[in-house]
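Only one structure is covered here, and it is reproduced in the block below.
The values are calculated or read from the model by the stated rules, or taken from the named source; none is laboratory data. Everything numeric in this text was worked out from a predicted model, so none of it was measured. For neighbour counting, all protein chains shown are included, and Cβ atoms are generated from backbone atoms with ideal geometry for every residue, glycine included.
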Amino acid sequence: MRFVFVDRIVAVEPSRRIETLKTVSGLEDVFADHFPGYPVLPGALVVEAFAQASQLLIAVSRDFAEVGRLRGLSRVAFRHPVRPGDRLAIRCERRAAPDDTWVLEATATVGARRVAAATLEYTLEAAEPDTDARRYAERLRALARELRPAPVEIATSE
C-alpha cells in the first residue's frame, strides 16, 4: 500500500475485531491544502483508515487466502475534526452476516472523544495465484507482520 493509515495493530481477535492506531503527523502532505491555517485530516482519510484496519482483520482472519472487496459504506458520521498531533484509535468490529459477507462497525476516537464512525460491508475474494487479490493479500501480510502487536495481545478465535 502506498498510503498507510495504520501505524500499529493494538489488538486483533480474528473474525471479530481489530484495534489500530494512527498518529496524525503535521508533516503529512494533505495538511498543505486542507485547510491552510487550520489543518484538518480529511474525512475520506479517516474512512480509509477504517478500510485498511478492516482489510487487515479480514485477511488475518482468513489466513491471507482471501481479501475483502468493499461493497458498501453507510452510516458515516464525522463528529469532531482530527488535527495534527492527534492519535487516532480505530476499532472495527464484525457484525453478524452470512459467512461470505463481512459487515464491520468502525469507530475512531481521539482520547476519550469519538470523532467518526461508519459501517463498512465487504464481500470476500479468493487470493488466487497471479491475481490482484493475491498481490494485495501479500501486501496485507507484510503490513500485518510489520505492525503486529506483541503475541500476548493477539486473542485466538474459538
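When region 56-68 is examined, which residues are found to be touching a residue at least 60 places away in the same chain (Cβ under 8 Å) and either in contact with a Phe, Trp or Tyr (Cβ under 6 Å, 6 or more places away or on another chain) or not small (Gly, Ala, Ser) (or both)?
Leu56, Ile58, Val60, Arg62, Phe64, Glu66, Val67, listed by residue number.
Of these, Arg145, Arg135, Arg83, which one is of a type in the set (Lys, Arg), modelled with pLDDT of 95 or more and not in a loop (DSSP other than H, G, I, E, B)?
Arg135
Count, please, the residues in region 103-127 that happen to be of a type in the set (Ser, Thr, Tyr) and part of a loop (DSSP other than H, G, I, E, B).
0
Quick test of your reading of the structure: Glu93 fulfils all but one of (1) farther than 19 Å from Ala59 by Cβ; (2) in a strand (DSSP E or B); (3) charged (D, E, K, R). Name the failing condition by number.
For Glu93, the failing item is (1).
Of the conditions (1) more than 23 Å from Asp7 (Cβ to Cβ); (2) assigned to a strand (DSSP E or B); (3) not polar (S, T, N, Q), Gly68 fails just one. Which one is it?
The single condition Gly68 does not satisfy is (1).
Tell me which residues, restricted to region 15-52, are in a loop (DSSP other than H, G, I, E, B) and either among the small types (Gly, Ala, Ser) or crowded, with 19+ Cβ neighbours inside 10 Å (or both).
Ser15, Val24, Ser25, Gly26, Gly37, Pro39, Leu41
What is the number of the single condition among (1) within 19 Å of Ala118 (Cβ to Cβ); (2) surrounded by fewer than 22 Cβ atoms within 10 Å (Cβ to Cβ); (3) of a type in the set (A, V, I, L, M, F, W, C) that Ala11 does not meet?
(1)
Select from region 85-113 the residues that are at negative phi and more than 16 Å from the chain's Cα centre (by Cα) and list them in ascending order.
Answer for region 85-113, where residues must be at negative phi and more than 16 Å from the chain's Cα centre (by Cα): Asp86, Ala96, Ala97, Pro98, Asp99, Asp100, Thr101, Ala112, Arg113.
Residues in region 67-77: is at least one more than 19 Å from Gly111 (Cα to Cα), hydroxyl-bearing (Ser, Thr, Tyr) and at pLDDT below 95?
no
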